[in-house]
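Down below is the structure, laid out as structure tokens.
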Amino acid sequence: MEGLRPFPALTGNGVQTPSTQNALWVFAREQSASECFDTARAIESAVGSDFRRVEEVSTFVFRGGHDLSGYEDGTENPKGQAAIDAAIIPDGPFQGSSFAAVQRWIHDLPRFQSLSPSERNNTIGRVLETNAEIVDAPLSAHIKRAAQESFDPAAFILRRSMPWSEGGEHGLLFLAFGESLDRYERVLARMVGQEDGVVDALFTFTRPVTGGYFWCPPQIGGRLDLSGLGL
Ligand code: HEM
């Protein structure tokens, strides 16, 4: 379909974003792990043997919406109508649908904790205790790399990332919705240094190990509306 493409394996200055594109992604979003389990099993059984499960990641809310590094995540997310404008296709055959970018990142928290508090703040570009933006943070600070308004056109996306922890590893399941994948991809390209050679300081303690793009159909009456695909 128009606008959907495989996730790009980007490289820049010693860092990379692997592409592990798969066919189907299911976001089971419930109030408890128990409900999630039931929902995931029901979907798996509805999908049947046409698909093979390649990955399942259980996520959780950490300290009310923080990344495992301790920093609040989602502060600059667009809200209300701005969130809808950023995430939902407004018209045409795919009206009401969205695109998702999903990436699993693995953190090296001992490495992050070995940095001084000010180095950690400069990695993100915000102050841990207050979440205040550091206006004169280095160019490599994550919020300088990702500043949505600094792109032309602006690259607002709706992030719904969640921490995960499993088998002794942990990190962030990055998730963003956009009315096009270009918004996300322009941010990612700048993060790996493709614009100016400056790599996002996040890469000093975390790295992506998966990457996929998906089209999210709209729902009508609680059911997926696939009419845009002629189904
Ligand atoms: C492990 C990976 C990542 C971590 C831990 C992380 C964490 C954060 C944190 C703590 C903030 C500041 C608070 C906020 O506004 O939400 C932030 C902002 C942001 N991040 Fe990330 N992020 C990660 C990956 C990414 C990726 C892959 C993208 C997109 C390609 C991205 C896009 C953004 C954007 C657009 C903002 C808001 C920037 C602004 O306009 O101020 N992040 N992130």
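Where a number appears in this text, it was derived from the coordinates with a stated rule and is not lab data. Here the structure is a predicted model, which means the values were calculated and not measured. Glycine gets a Cβ as well: all are built from the backbone with ideal geometry, and neighbour counts include every protein chain shown.
From the alpha carbon centroid of region 112-188 to that of region 24-102 is 18 Å. Distance distribution note for region 108-211: the fraction of Cα pairs above 23 angstrom is 28%.
Building the convex hull from the alpha-carbon atoms of region 1-57 and averaging its projection over directions returns 6.1 nm².
At a threshold of 8 angstrom on Cα-Cα distance, excluding pairs fewer than six apart, so keeping six or more, what relative contact order does the chain reach in percent? About 32 percent, as a whole number.
Its alpha carbons considered, region 46-127 gives a radius of gyration followed by a Dmax of 18.2, 51 Å. Helix content alone sets the calculated 222 nm mean residue ellipticity of the chain: runs of n ≥ 4 DSSP H residues at -39500 (n - 2.57) each, divided across all residues, give -6500 deg cm²/dmol.
Pairwise alpha-carbon distances in the chain exceed 22 Å for 55% of all pairs. Here is the list for region 147-231: GluC sites (Glu not before Pro) lying in DSSP coil, each with at most 15 other C-beta atoms within 10 angstrom of its C-beta, are Glu195. If only the Cβ of Lys and Arg carry +1 and only the Cβ of Asp and Glu carry -1, the dipole of the chain around its Cα centre is close to 280 debye. Within region 155-231, none of the trypsin sites (Lys or Arg not before Pro) combine a DSSP coil assignment with at most 14 other C-beta atoms in a 10 angstrom radius. Its relative contact order, with pairs defined as Cα atoms under 8 Å and 6+ residues apart, puts region 1-128 at 12 percent.
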